[in-house]
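Have a look at the structure below before the remarks.
Read-outs: derived from the displayed coordinates by stated rules, not from any lab. Everything numeric in this text was worked out from a predicted model, so none of it was measured. Every residue, glycine as well, gets a Cβ built from its backbone with ideal geometry; the counts of neighbours run over all protein chains shown.
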Amino acid sequence: MPNTHHTELKRALVITSIAAHTHEVLQHYARECKKRNIYFVVMGDVISPKDFSLEGCDFYDIAKQNALPFALPKILPTRHYARKNLGYLQAIKQGANLIQETDDDNWPLESFWSEKKSSVTAYNLSENGWVNLYAYYSEEKTWARGFPLERIHTSPLPSLSTLDQSPAYCPIQQGLADENPDVDAVYRLTAKLPIYFEPNIRIALGANTLHPFNSQNTVWFPEAFPLLYLPSYCSFRMTDIWRSYVALRLAYANDWKVLFESSTVRQDRNEHSLLRDFKDEVEGYLNNSRICDALWALNLPKGNSHLYNNLLACYEVFIKLGLMDPKELDLIEAWNEDLAKMQA
């Protein structure tokens, strides 16, 4: 793990995008990051524009990615959202001790830029099993991408007024998104949008509380950096969701909590084929509960020193379930190798 003993917080923002440098959202982030002294890195892909040039943004096309002093670029598949992994590594290499990530269709609200702390006062929620957190933020019957469809009508919630509010240690923090939030294709095809979530609600998940989180608006502190890893041998619609299950499992193994907070971005969603999204999410609909049952059945040792081996053990679960190619483990070994070099 990288050195975390910085006297001053160095913040980085990571995006992967195939858009041009004229893209309004990317331009906005570049201006804001330059103004706030935030390191802004964008990872492109094989179809990214060749002439990308944006002041305040450190952009990497495929050639520049392959020239990075890491093991991962040499074997990381192209044409996949998981190219973002190289953005995380580059941010860590630049000395970041807070990594914030989003996508190129999210407009930041002012709260997006607020000071971030790993210890926050929040409602503490520790329920065994699945809890539909979106019900705390909206009266609409909605659910997050990755939440098991078979549980959307069977997930009673304790009232917020009954939950303790106290400081919670949360090295992983998920912000929600207004207007076009992160819901699945079934919701988009059948229910109401836009949605505006209730403000000023922070909920810290602990123990074995299950709820997915995404890569669209997430903050990571150094102890959780090994868990940033996005798998490549699965669909674009599942990579960050399945990562979140692994991160929850390992966070709870270390007695960390995971924070959810009200919207700090609004999404002006890029063009999508909802039927293609549905197709890419089918493996999740059929397997999300099964995956988490298998992850929680693992006997994993506690402590930061075990994170690398525990990460491998978790992804071996996906391979045993037939949901990922065994080559995924080669990518994780390279990821761990790159992090270990920066720790040395």
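Which part of the range 77-111 falls in the paramagnetic zone of residue 28, meaning amide N under 15 Å from the point 7 Å along Cα-to-beta-carbon?
Once the point is set 7 Å along Cα→Cβ of residue 28, 102-111 turn out to lie under 15 Å by backbone N, inside the range 77-111.
Mean separation of Cα pairs under 8 Å and 6+ residues apart, divided by the residue count of the chain: what relative contact order is that in percent? Intermediate results must be reported in sequence, preceding the final value.
Numbers: 633 pairs, mean separation 73.6, N = 344.
That works out to 21 percent.
Of 229, 344, 247, whose Cα points farthest to the positive end of the dipole of the chain (charges on the beta-carbon: +1 Lys, Arg; -1 Asp, Glu; origin at the Cα centre)?
Most positive-ward Cα: 344.
Are there any chymotrypsin sites (Phe, Trp or Tyr not before Pro) in the range 194-231 that are in a DSSP loop and have at most 15 other Cβ atoms within 10 Å? List them by number.
Here the sparse-neighbourhood loop sites are 196.
Per the helix-only calculation at 222 nm, which mean residue ellipticity applies to the chain, given -39500 (n - 2.57) for every DSSP H run of n ≥ 4 and division by its residues, nearest 500 deg cm²/dmol?
Taken over the chain, the calculation gives -9500 deg cm²/dmol.
Any chance you could check the Cα centroid distance between the range 7-82 and the range 210-231 for me, in angstrom?
Cα centroid to Cα centroid, the span is 18 Å.
Could you give the length gained on full extension between residue 270 and residue 63, defined as 0.36 nm per residue of separation minus the Cα-Cα distance, in nm?
Full-extension gain reported as 71.9 nm.
Output the antiparallel fraction of DSSP beta bridges having both residues in the chain, as a percent to the nearest 5.
Taking every DSSP beta bridge within the chain, about 45 percent pair in antiparallel fashion.
Within the range 61-93, which trypsin sites (Lys or Arg not before Pro) sit in a loop by DSSP and count at most 13 neighbouring Cβ atoms inside 10 Å?
Of the trypsin sites (Lys or Arg not before Pro), the ones in loops of the range 61-93 whose Cβ has at most 13 other Cβ atoms within 10 Å are 79.
With a cap of 12 neighbouring Cβ atoms within 10 Å, and only residues DSSP puts in a loop, list the GluC sites (Glu not before Pro) found in the range 88-126. The partial results should precede the final answer.
Numbers: sites: 101, 110, 115; in loops: 115.
Filter output for the range 88-126: 115.
Name all residues of the range 306-344 having a backbone nitrogen under 18 Å from the label point set 7 Å from the Cα of residue 46 along its Cα→Cβ direction, giving them as ranges.
Under cut-off, by backbone N: nothing.
Of (1) 5, 23, 27, 20, 13, 9, 4, 1; (2) 6, 26, 34, 22, 10, 2, 0; (3) 5, 26, 38, 25, 5, 0, which one was derived for P(r) over Cα pairs in 10 Å bins from 0, in percent from the structure shown?
Correct label, based on the coordinates given: (3).
Using the Cα centre as the reference, give the magnitude of the dipole from point charges on the C-beta atoms of the chain (Lys, Arg: +1; Asp, Glu: -1; all else neutral), rounded to the nearest 20 debye. Each step should come with its number before you reach the end.
Values: 34 positive and 42 negative charges, 96 e Å.
My answer is approximately 460 debye.
If you take the square roots of the eigenvalues of the alpha-carbon gyration tensor of the range 233-296 and sort them as a ≥ b ≥ c, do you get rounded (a/c under 1.5), prolate (a/b over b/c) or oblate?
oblate
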